[in-house]
1. Considering only residues that are open to solvent by 60 Å² or more (accessible area, probe 1.4 Å) and out of contact with any strand residue (DSSP E or B) (no Cβ under 7 Å at 6 or more places or on another chain), look in the stretch 98-119 and name the one that is nearest to ALA204 (Cα to Cα).
2. Among the listed residues PRO74, PRO58, which satisfies the condition of being at pLDDT below 95, in a loop (DSSP other than H, G, I, E, B), out of contact with any Leu (no Cβ under 7 Å at 6 or more places or on another chain) and surrounded by fewer than 24 Cβ atoms within 10 Å (Cβ to Cβ)?
3. Since ASP52 meets every condition but one in (1) at pLDDT below 95; (2) in contact with a helix residue (DSSP H, G or I) (Cβ under 9 Å, 6 or more places away or on another chain); (3) part of a helix (DSSP H, G or I); (4) open to solvent by less than 10 Å² (accessible area, probe 1.4 Å), which condition does it not meet?
4. Could you list, in sequence order, the residues of the stretch 178-203 that are under 21 Å from ARG111 (Cα atoms) and crowded, with 17+ Cβ neighbours inside 10 Å?
5. Can you find, within the stretch 126-164, the residue that is surrounded by the fewest Cβ atoms within 10 Å (Cβ to Cβ) among those that are of a type in the set (Val, Ile, Thr) and outside any helix (DSSP H, G or I)?
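The values are calculated or read from the model by the stated rules, or taken from the named source; none is laboratory data. All of these numbers come straight from a predicted model, not from anything done at the bench. A quick note on method: Cβ atoms are made from the backbone with ideal geometry, for glycine too, and the neighbour counts reach across all protein chains shown. These accessible areas exclude ligands, DNA and RNA; they are computed on the full protein's heavy atoms, side chains included. Shrake-Rupley method; radii C 1.70, N 1.55, O 1.52, S 1.80 Å.
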Amino acid sequence: SGIALTYTNPVGDVAGIEAAFASIAAASGHPELVRAPLLPIGHSNGGILSYDLNAALPERVLATELSKAGNGEPLPAPAALRTPGILIAGEIDTPDRIAAIRARFFDNRPRGALWAWVEEEGTDHTQVNGPEIAFPFAEMVARMRYPAGASPVNGPVPLLALNEADGWLTDPDSYKTGLADIAPYASYAKDKTTAGWLPNKRAAYIFRAFASYHKATT
């Protein structure tokens, strides 16, 4: 009922991906694939593609990840901001890449982006433990946003919107203190417009386990 994609190498632009789906749909005899919801999880160039797929096709993207990739649409349209996302930088990656990923979060979270950001401790551009948060995050969000009983066979799937106030928030810089601050939206006492957003309690606790610095083990 959907397509899950994992990108770790450059695979072309959004138009190229749409052309590939059309080719797969024609070859497989499943024309509905051209309108199936997407769950793009990407690292490096794949992270840019995951992010830009959401910027271009927000009505089809369930969740997105920008992992250790600094480019991508700086200010996506409002519809793209409603797609939950995880933005991951590497603590010792290149300064320009870290700054670009940070900018994607801090420029868009005040606009209502349902995103959280973190610098993975002690890592450079290499993918290390990113999948430990990206995959459960994507799985949770997909279950929350995919309408029960819907199928692209019957037409476009109208993805369910998530209510910002139902989520959890995290102080966007607290992860470096040793334990990332997390709290339900209603009880978060700091600035909600700059706090990282997570869809539920489980996602918030997984985020804290991944994001917090000075852990005894990976």
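1. Only one residue fits best here, namely PRO110.
2. On the way: PRO58 fails: at pLDDT below 95.
Going through PRO74, PRO58 in turn, just one is at pLDDT below 95, in a loop (DSSP other than H, G, I, E, B), out of contact with any Leu (no Cβ under 7 Å at 6 or more places or on another chain) and surrounded by fewer than 24 Cβ atoms within 10 Å (Cβ to Cβ): PRO74.
3. Tallying (1) at pLDDT below 95; (2) in contact with a helix residue (DSSP H, G or I) (Cβ under 9 Å, 6 or more places away or on another chain); (3) part of a helix (DSSP H, G or I); (4) open to solvent by less than 10 Å² (accessible area, probe 1.4 Å), ASP52 fails exactly one: (4).
4. ILE182, TYR188, ALA195, GLY196, TRP197, LEU198, PRO199
5. THR126
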